[in-house]
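Please read the structure below before turning to the comments.
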Amino acid sequence: MALPMAVPEPAFAQEVSQERIVKGLGKLTAAAPAIDIEILRQEAVNGGDKPMSALPNWGRLAKLPQMVVEINFENDSVAIQPTSYRTLGMIADALHHPNLWDYNFLVVGNASATGSDAHNLDLSGRRADAIKEVLATTFAVNPSRLYAVGVGEHLPIEGSKKDASVNRRVQLINLGVFKRRS
């Protein structure tokens with residue numbers, strides 16, 4: 001399930017569709033900031049209990065078009081459950097849509113606080129990488145358009161308990177135009 005968002009904290013889940021994804025991720029109104037994946041990761045880890053929007057680099061990304069996507073994984077694994085391939089296919093179809101061709105995207109893996117901090121950080125990063133890989137290999141999304149970062153349990157949904165299942169989520173953030181297709 002997916003939710004187009006102006007901020008990363010979802011309120012209600014909505015049905016995912018290619019049209020909703022294109023509309024939600026295509027509303028880029030300003031230039032996206034330059035990003036450094038390692039700085040984003042470190043900022044999330046060192047940010048304490050601050051919401052994403054309160055962290056300097058994440059705060060700039062919070063203003064970009066994004067959505068939260070429910071992708072189900074096998075327990076404590078990077079194996080994507082077969083039921084999530086339909087959602088991944090719709091995401092890929094949207095990323096192939098002419099309105100999104102020129103954009104790059106950040107895949108952010110999040111985890112609930114049910115394991116150790118180090119384990120959750122590693123698992124969320126490997127899950128974000130797995131989604132990037134599936135989009136690139138199975139669905140032919142150009143991998144140079146995709147970036148992946150895991151933030152573990154460090155950016156929970158505001159107002160939720162850190163161990164709540166709602167914090168096991170994936171976010172897609174439109175990073176803007178880096179190089180136009182010819």
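FYI, it's all coordinate maths here, none of it is from the lab. These numbers come from a predicted model, not from an experiment. Positions of Cβ are generated from backbone atoms using ideal geometry, with glycine treated the same way; all protein chains shown enter the neighbour counts.
Quick one: which residues, 5+ away or cross-chain, put their amide H under 5 Å from the amide H of residue 169? H built at 1.01 Å from N.
Amide H to amide H, under 5 Å and 5 or more residues apart or across chains, residue 169 pairs with 110, 111.
Suppose R0 equals 22 Å; then what is the FRET efficiency for residue 142 and residue 46 from their Cβ-Cβ distance, rounded to the nearest 0.05?
0.10
Could you sort the peptides 73-84, 119-130, 138-149 by per-residue average Cβ neighbour count (10 Å cutoff), highest mean leading?
Packing proxy ranking, top to bottom: 119-130, 138-149, 73-84.
Tell me, in nm to one decimal, what length is gained between residue 85 and residue 117 on full extension, where the rule is 0.36 nm per residue of separation less the Cα-Cα distance?
Here the segment from residue 85 to residue 117 would lengthen by 8.7 nm.
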